[in-house]
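Chemist: Got a structure here, written out as structure tokens. Questions coming.
The values are calculated or read from the model by the stated rules, or taken from the named source; none is laboratory data. Bear in mind that the values here come from a model prediction, so they are computed numbers and not experimental data. Heads up, the Cβs are rebuilt from the backbone with ideal geometry, glycines too, and the neighbour counts pull from every protein chain shown.
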Amino acid sequence: MLYLVGTPIGNMGDISSRAVEVLGQVEFIACEDTRVTGILLKNLGIEGKKLISYHEHNKASKGQELISMLKEGCDIAQVSDAGMPAISDPGEDLVALCIEQGVEFTVIPGPVAAITALVMSGLSTRYYHFEGFLPNTGSDRKKRLDKLTEYDETIVLYEAPHRVKKLVSELNALGFGESRVSFCRELTKRYEEVIRLTVDEAQSYFEENEPRGEFVVCLEPMKRKEEVIDEAELEARIRALRDEGMPVKQISSILAEQTGRSKKDMYRLVLSLLK
Ligand code: SAM
């Protein structure tokens, strides 16, 4: 059986008793960095485990090895250096292999930096998009950044401290200046801090305060400029959408979005025009 075990993102008190129990029971622990996991186990007073290195660069070969061990009946826990395995960390491929090859696995949930930050941010938690790390450079980064402008949900990013300033200027250049943003750093640790401002304000903030520590960035979706549409144009758009066979509710919601009017008002207007 494979157990994907969540571990703390900074505060040792956040390890669950089930995680301790499983780590104590299994014979093998697959981990990103044997030194990091060695320290965790020492802190928990767990001894005599066989640690297997499983990380981004050996996951293809090691994954299959772990699957073979699981098929022979071994109990293995997989952990990352911090937080949940498979969330911007190795684990996803192992889960896919287990499903493909009919190997039983389960998850022992623990803290996730993204979710902790989302709650701390004060931004909408109803809908959110988890972006994780953007590609570091080049056209892949540009593509993902451009995509961010399309989301209507809170966007959650992981970012290394030395790239925070670059990210802020890129977001400003894309037109996120008026969006609220939260920089959640050192979550659950002694110097935990949440900096809440707009992307525009963040530019000068980080000129004066060098980013340090681990960051999760929660970003409000881009504030769209509402179109000013005169009544004749509005009526033409409503009729055009109706001619495409679109239902009244959908027409109302599209035009409410385009004009910034409330959905309720727009619904009434569409109904009165089309009756
Ligand atoms: N698997 C982890 C999880 O469940 O959150 C994420 C691992 S990812 C390799 C590491 C990134 O998560 C860091 O660069 C940072 O963006 C974020 N992170 C992890 N711990 C954090 C913390 N205590 N405070 C703020 N951000 C953190």
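Chemist: Output the number of residues of the stretch 238-254 satisfying the condition of being assigned to a loop (DSSP other than H, G, I, E, B) and of a type in the set (D, E, K, R).
Modeler: Matching residues across the stretch 238-254 total 1.
Chemist: Within the bounds of the stretch 137-154, is there any residue that is within 15 Å of the ligand (Cβ to nearest atom), closer than 22 Å to P111 by Cβ and either outside the structural domain of I87 (by TED's automatic domain parsing) or not aliphatic (A, V, I, L, M) (or both)?
Modeler: No, because not a single residue in the stretch 137-154 is within 15 Å of the ligand (Cβ to nearest atom), closer than 22 Å to P111 by Cβ and either outside the structural domain of I87 (by TED's automatic domain parsing) or not aliphatic (A, V, I, L, M) (or both).
Chemist: Only residues that are among the hydrophobic types (A, V, I, L, M, F, W, C), touching a residue at least 60 places away in the same chain (Cβ under 8 Å) and in a loop (DSSP other than H, G, I, E, B): list them for the stretch 145-193, please.
Modeler: Matches in the stretch 145-193: L187 only.
Chemist: Of everything in the stretch 126-144, what is touching a Lys or Arg at 6+ places or on another chain (Cβ under 9 Å) and surrounded by 15 or more Cβ atoms within 10 Å (Cβ to Cβ)? Give them in sequence order.
Modeler: Listed by number, the residues that qualify are E131, L134.
Chemist: Out of (1) among the aliphatic types (A, V, I, L, M); (2) in contact with a helix residue (DSSP H, G or I) (Cβ under 7 Å, 6 or more places away or on another chain); (3) free of Cβ contacts under 8 Å to residues at least 40 places away in the same chain; (4) closer than 30 Å to V181 by Cα, the odd one out for I9 is which?
Modeler: (3)
Chemist: Can you tell which of V107, V103 is surrounded by 15 or more Cβ atoms within 10 Å (Cβ to Cβ), touching a Lys or Arg at 6+ places or on another chain (Cβ under 7 Å), in the same structural domain as R18 (by TED's automatic domain parsing) and not in a helix (DSSP H, G or I)?
Modeler: One residue alone meets the criteria, V103.
Chemist: Right, here's the next one. Of the residues that make up the stretch 55-73, is at least one assigned to a loop (DSSP other than H, G, I, E, B), in contact (Cβ under 8 Å) with a residue 24 or more places away in the chain and within 16 Å of the ligand (Cβ to nearest atom)?
Modeler: yes
Chemist: Filter the stretch 74-100 down to the residues that are in a loop (DSSP other than H, G, I, E, B) and either away from the ligand (no atom under 14 Å from the Cβ) or not hydrophobic (A, V, I, L, M, F, W, C) (or both) and list them by number.
Modeler: C74, D75, S80, D81, P85, S88, D89, P90, G91
Chemist: Would you mind stating whether V181 is closer than 12 Å to P221 by Cβ and within 16 Å of the ligand (Cβ to nearest atom)?
Modeler: Here the answer is yes, as V181 does meet what is asked.
Chemist: Would you say E47 is in contact (Cβ under 8 Å) with a residue 40 or more places away in the chain, surrounded by fewer than 18 Cβ atoms within 10 Å (Cβ to Cβ) and charged (D, E, K, R)?
Modeler: Answer is no for this residue.
Chemist: For I39, are the conditions met, namely being outside any loop (DSSP other than H, G, I, E, B), without any contact (Cβ under 8 Å) to a residue 12 or more places away in the chain and at negative phi?
Modeler: yes
Rundown of residues vs (1) among the hydrophobic types (A, V, I, L, M, F, W, C); (2) over 17 Å from F130 (Cβ atoms), yes/no style:
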{"site": "D152", "(1), (2)": "no, no"}
{"site": "V156", "(1), (2)": "yes, no"}
{"site": "K166", "(1), (2)": "no, yes"}
{"site": "S169", "(1), (2)": "no, yes"}
{"site": "G177", "(1), (2)": "no, yes"}
{"site": "L197", "(1), (2)": "yes, yes"}
{"site": "C218", "(1), (2)": "yes, no"}
{"site": "M222", "(1), (2)": "yes, yes"}
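Chemist: Restricting to the stretch 210-246, give me the number of residues that are out of contact with any Lys or Arg (no Cβ under 6 Å at 6 or more places or on another chain), more than 16 Å from the ligand (Cβ to nearest atom) and closer than 22 Å to T116 by Cβ.
Modeler: Selection size over the stretch 210-246: 1.
Chemist: Name, by its number, the condition in (1) more than 12 Å from the ligand (Cβ to nearest atom); (2) crowded, with 17+ Cβ neighbours inside 10 Å; (3) more than 18 Å from L171 (Cβ to Cβ) that does not hold for L123.
Modeler: Condition not satisfied by L123: (3).
Chemist: In the stretch 195-212, is there at least one residue being modelled with pLDDT of 95 or more, touching a strand residue (DSSP E or B) at 6+ places or on another chain (Cβ under 8 Å) and under 20 Å from I87 (Cβ atoms)?
Modeler: Looking for residues that are modelled with pLDDT of 95 or more, touching a strand residue (DSSP E or B) at 6+ places or on another chain (Cβ under 8 Å) and under 20 Å from I87 (Cβ atoms), one finds none in the stretch 195-212, hence no.
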